[in-house]
Structures are given as structure tokens and as C-alpha cells.
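Notes for the one structure printed next.
The values are calculated or read from the model by the stated rules, or taken from the named source; none is laboratory data. Just so it is clear, the structure is predicted and the values come from calculations on it, not from any experiment. Ideal geometry is used to build each Cβ from the backbone, glycine not excepted, and the neighbour counts take in all protein chains shown. Surface areas here come from the heavy atoms of the whole protein model, side chains and all, with no ligands, DNA or RNA. Shrake-Rupley method; radii C 1.70, N 1.55, O 1.52, S 1.80 Å.
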Amino acid sequence: MPRPTKAQFTALIVASMMFMEQLDGTILATALPSIANSLHVDTVATSVALTSYIIGLAIFIPASGALADRLGSRSVLMVAICIFVASSLFCAQANSLPFLACMRTLQGIGGALMVPIGRLVIIRSTPRNQLVRTMTWMMLPATLGPLLGPVVGGFITTWFSWRWNFYLNIPIGLIGLGLTWRFIPQIYEPSPPPFDLKGMVLAGGGLALLSVFAELFSHAEGSISLRLALLGAGSLLMAVYCIHAFRVPAPLLDFRLMRIPTFRISVFAGAASRVAVGSLPFLMPSFLQIGMGLNAAQSGLVTFTAPIGALITRPFVPAILRRWGFRKVLMFNGVSAAVVFTLVASFRLPHALWLFSLILACAGAAQAIQFSAYNTIAYADVPANNMSAATSLYSTMQQIMLSAGICIAAGTLTVLGQIYGHTTPTLGDFSAGFLATGAVSLLAVPFAARLAPSAGASMSGNKR
């Protein structure tokens, strides 16, 4: 791969922040039993360390673009990194579960500001004809985060202590802070509209409640009445926000951006694809360990082939889009992703594990192409003065759909368990979960088919 340009180097800095945020979001799952033992609480109760992080993300992601417009992108990024690093240090020293939950919420706030604003910096500072290649650089390290998390977390917790899962963020964050000060431009909006505080309360509160519902539902925790209350209250707040959003000139999440065809199609088609991707960290480890009888180390080695497939494929994404264009690539990739999920669902242990690893590598390759394309085409026709609002809305939809993937997968396992009367999911239940989320991902194809053949040609360089 050629030496990175200044824009691509900026993208790698942002990608490092994404890697840190996504790794932290998944690394803790394997450490919960150790945390419970250390803090003298029940293991089930420690799931609050996961839900509190999601609450911080959900509340502040919608506000990220508006804050960058007013305070400057570099300033907000540096504050976000400082919040993330400081809260990581406090999490590592926590001696009670309530304190850990509070610091995890603060950590989620830092993560919520880092990633969308980093993406906004790249979009605003990169010419559109170079955006595909720059986005490819940005997504390169970030691909590893979600799938490396359980592997790294298990290793650190086993050989050191669960506290080192948080200490790991400190050197990465300090390096990112220095690079941000040196290389990230300070970008303001010359005359930003009034800040939508009411919208932040409604949208942030609604998304936080829905995120907690998704987390409890995915782990089958909390009473049915509690889950229904969270779902109802979150949905009500979001409904009120939707009414509010069409009554003010500059809402926090501006749904009027959906009038832009490329943005709208990227949101809806990407939503279907992200449901499938969101289900993977929930389904895959249990599928391999409970359904197929592998131990944690074997499971980690098998799933590690997915990011390898993504890393190998990413450098070729610009050439693929230049050759076939966004429309054809996204339609074909939507079908191939559903096929891969079907192959995963049909796999049984008597087959060689190298074959399953190859299937996962293909899944990683499909994701690399898919999300590099979606994250680029979304901004093809967005006016420059709407980039902040577009980034906030797009990032929020990403978070919602990833949570929805967990809900659909968990719901499938729960319903099958009730129908067949077993408390522990079987191999067939996991297969059904993969088939359900794979079927949802197939819905991306008709949405992608609505793209104009020339959509995003100025970005991809496709001349046909």
C-alpha cells in the first residue's frame, strides 16, 4: 500500500480512537465474573458495567456534531479523549459496583464524542474524490476492535487482572491526545444555529432507555414488566422527539436529511446490514462454545479470522468501487452477506474448523467492503453546512441498529427456548438466530437497488 497522505494519516488517528472505543465496548464482557468476585457482588449484577457505558454513548452521540460546530472539532476531540482516559483510570481503581457504573457512563460520554467528531473531521477536510480511499484507511484499525475485544479481555483478565483492561486505554489515549493536538484541524461552523437542548433531553433520554432495554433483553435480565416499561418509555420519548424535530429549524437529529436519496438509502440499507453485524458478538462466542463445545481459547482463535479477512480486503475497496460503482457492489455484497450467514448457520463440528474459519474470513471481507461503501456514499450529496447534522444522525442510527441486532438474535433464542422448553440454547437455536439476522441483512439489497447507477461516481471514480 502506498505511503499515506496527510488526510489518510488523519484518518488513521481517528481510526485509533475508534479502535480504542470499540475495543473497550467489547473487552469487558469476558471480565465480568472476575469483576464480580473482586467487588463481592453477583455476576449478573455486573452487567450494569455494560449498560452504563451504552447509556453514555446513547445520550451524547446525537449532540456530538452540534458541540463540534460550536467548540471546534479538535477541542472537543481532545476533551473527549481526556474524559475517556480519566474515566478509564477511575474504572481501573473502582472498589464498588456503583462507582464503576458511574465511571463507565462517563467513559461512554467520551466515546460518544470521539468517533462521530473524528468522522466529521475526515469528511470536512477530505476532497470528495479522495473520500473512498481515506475512509478505507480510517476503517482499517477499527475493524479489529469488536472481535479482538473478547480475546484480549480474556487474556488480560486471566493472566493479569480485570483492572488492566482499563489501564490499557491510558497509553493509547495519551498518544491519541498528542497526535490530535498536532495533526487534527480545528474546524468550526461560522454561525451555528441555537443548540437544541430540548431535543437532546428527548432524543438522548429515549435512546438511553431503548439501549438499556436492548442490553437487558439480550442477556435475559430484569423482569418482563421492567423491560416493557423501558421499551414503552423510550419509544414515547423518541415519538415526542420526532414531533419536536419537525417544528424547530435546526433539531439535534435532523430527519429532513432523509430527503437526500443517497443519505436515506445508505441509512436504511446500512441499517439492515448492521443488524446482522450487531448480532455477531452476541451469537458467535456462544455458538462456538455452547453449541459446538469449543473452549474460550479455541473460540477466540476461530473468530479472529474475520478481522483478518477484513484487513486483507480493505486495501482493495477503492479499486472495487471504481470498477463496479456503489450500486452494484452494495447489491452483490448484500446477497453475499446473507449467504455467509446461512453457511455459518448450517455448519456442524464434524466439518473441519479451517472451513469455518474460511467462512468467517469471507464474512470479514464482506463487512470491509460493505461499511466502507456505506460510510462514504452516505455523504455524497450532503451539503457542507449539513455535515455535522448528517454525521450525528448517521452515528445515532448505527448505534440503534447494532443494538437491534442483539435484540433480534436474543429474541430468536428466547422464543425458541420457550417453544421447546429448554433453558440453555441448543445448536439449532443458534443456527436459527444466524438465519434470522441474515434474512434481515438481505433487506439491504432492494434498498441498494434504488441507488442511481451513477450514485457517488465523483467519490468512487466509476465512469460507467
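Structure values in brief
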| read-out | value |
| --- | --- |
| Residue list for the range 422-464, restricted to those being of a type outside the set (Ser, Thr, Tyr), part of a loop (DSSP other than H, G, I, E, B) and touching a Gly at 6+ places or on another chain (Cβ under 7 Å) | Pro425, Leu442, Pro453, Asn462, Arg464 |
| Test: residue in the range 423-431 that is of a type in the set (S, T, N, Q), open to solvent by 30 Å² or more (accessible area, probe 1.4 Å) and in contact (Cβ under 8 Å) with a residue 24 or more places away in the chain | yes |
| Lone qualifier among Arg104, Arg70 - being under 15 Å from Tyr53 (Cα atoms), in the same structural domain as Ala36 (by the TED database), of a type outside the set (A, V, I, L, M, F, W, C) and out of contact with any Gly (no Cβ under 6 Å at 6 or more places or on another chain) | Arg104 |
| Residues (loosely packed, with under 15 Cβ neighbours inside 10 Å and either at pLDDT 90 or above or over 22 Å from Tyr53 (Cα atoms) (or both)) located in the range 202-225 | Ile224, Ser225 |
| Subset of the range 263-304 that is among the polar types (S, T, N, Q) and surrounded by fewer than 20 Cβ atoms within 10 Å (Cβ to Cβ) - its residue that is nearest to Cys407 (Cα to Cα) | Ser286 |
| Residue among Leu177, Leu144 that is hydrophobic (A, V, I, L, M, F, W, C) and either modelled with pLDDT under 75 or more than 15 Å from Met17 (Cα to Cα) (or both) | Leu144 |
| The range 437-463, subset open to solvent by 30 Å² or more (accessible area, probe 1.4 Å) and in contact with a helix residue (DSSP H, G or I) (Cβ under 6 Å, 6 or more places away or on another chain), residue farthest from Met292 (Cα to Cα) | Ser458 |
| Yes/no for Gly405 being crowded, with 20+ Cβ neighbours inside 10 Å and at pLDDT 85 or above | no |
| Unmet criterion (only one of (1) within 22 Å of the chain's Cα centre (by Cα); (2) aliphatic (A, V, I, L, M); (3) at pLDDT below 80) for Leu231 | (3) |
| Filter pass, Pro171 being more than 21 Å from Leu393 (Cα to Cα) and modelled with pLDDT of 85 or more | yes |
| Residue among Ala368, Ala338, Ala345, Ala378 that alone is in contact (Cβ under 8 Å) with a residue 60 or more places away in the chain, within 24 Å of the chain's Cα centre (by Cα) and more than 18 Å from Val277 (Cα to Cα) | Ala378 |
| Test: residue in the range 349-361 that is open to solvent by 70 Å² or more (accessible area, probe 1.4 Å), modelled with pLDDT of 85 or more and hydrophobic (A, V, I, L, M, F, W, C) | yes |
| Among (1) closer than 30 Å to Leu131 by Cα; (2) of a type in the set (Phe, Trp, Tyr); (3) in contact (Cβ under 8 Å) with a residue 24 or more places away in the chain, the one test that Phe287 misses | (1) |
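Let's see how each residue does on (1) assigned to a helix (DSSP H, G or I); (2) open to solvent by 50 Å² or more (accessible area, probe 1.4 Å):
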position: Leu174; (1), (2): yes, yes
position: Pro194; (1), (2): no, yes
position: Arg227; (1), (2): yes, no
position: Ala250; (1), (2): no, no
position: Arg256; (1), (2): yes, yes
